[in-house]
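Presented below is the structure to which this report refers.
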Amino acid sequence: MITNRTFTMLKPDSLEKGNTGAILHKINASGFKIVAMKQTLMSMRDAETFYAIHSERPFFADLVQYMTRGPIIAAILEKDNAVEDFRALIGATNPAEAAEGTIRNLFADSISENAVHGSDSDENAQIEGTFHFSGREIF
Ligand code: CMP
C-alpha cells in the first residue's frame, strides 16, 4: 500500500462559494502534490456507498443530500505523512473547533457543511482514491 498519499474532496459548498482556487492554493502551498484530480457529480448511490460507514448516523440522509446537490472536486494528494498532515491542514470536523488558519476554520460554515474531506487512514485513502479514480487517472 502507498502510505504517502491521501484522498480529498472539495465539497459542494466550496464550489458554490467560489473557494476552490483558494483551497487548492493552500493545499499546494502546504507541500501536497496533486497526483489525480477531477470535478464530478456524485449520484445518490455514489454518496451512499462512499459514506456507508455513516449509514446508521442521524445525519446520513442530510449528508447524502449535501454531497449530491452539486459537483465536488476529488483529488489524490501526495506528501510524506500525507494522511496525518492533511487532517492537520483541514482542521477539526466541526469548523467551530478547527484551529486558526486551517481550511475548515477559513472556509467551512458548519459541522455538516465543512468544505473538505480528508481520509482518516492510509487504508481509507486507498479505498476512497480508487472509488473515484482509475489507475490511468493517477500520476
Ligand atoms: P467528513 O468527516 O469529511 O465525512 C463525514 C461527514 O459527515 C463529515 O465530514 C460531515 O460533513 C458530516 N458530519 C459529521 N458529523 C456530523 C454531525 N454531527 N452532524 C452533521 N453532519 C456531520
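Tabulated data
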| read-out | value |
| --- | --- |
| From the options 74, 29, 22, 61, residue that is in contact with a Gly (Cβ under 9 Å, 6 or more places away or on another chain), of a type in the set (Gly, Ala, Ser) and at negative phi | 74 |
| Qualifying residue in segment 11-33 (condition: near the ligand (Cβ under 10 Å from one of its atoms) and either in contact with a Ser or Thr (Cβ under 8 Å, 6 or more places away or on another chain) or open to solvent by less than 60 Å² (accessible area, probe 1.4 Å) (or both)) | yes |
| Pairs where the first residue, in segment 36-61, is at pLDDT 95 or above and hydrophobic (A, V, I, L, M, F, W, C) and the second is open to solvent by 40 Å² or more (accessible area, probe 1.4 Å) and within 11 Å of the ligand (Cβ to nearest atom), C-beta under 8 Å, 6+ apart | 59/112; 60/54 |
| Some residue of segment 35-51 being within 15 Å of the ligand (Cβ to nearest atom), of a type in the set (Ser, Thr, Tyr) and either in a loop (DSSP other than H, G, I, E, B) or over 16 Å from the mean Cα position of the chain (by Cα) (or both) | yes |
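The values are calculated or read from the model by the stated rules, or taken from the named source; none is laboratory data. Quick caveat: nothing in here was measured; it's all calculated off a predicted structure. Every residue, glycine as well, gets a Cβ built from its backbone with ideal geometry; the counts of neighbours run over all protein chains shown. These area figures cover heavy atoms from the full protein model, side chains too; ligands, DNA and RNA do not enter into them. Shrake-Rupley method; radii C 1.70, N 1.55, O 1.52, S 1.80 Å.
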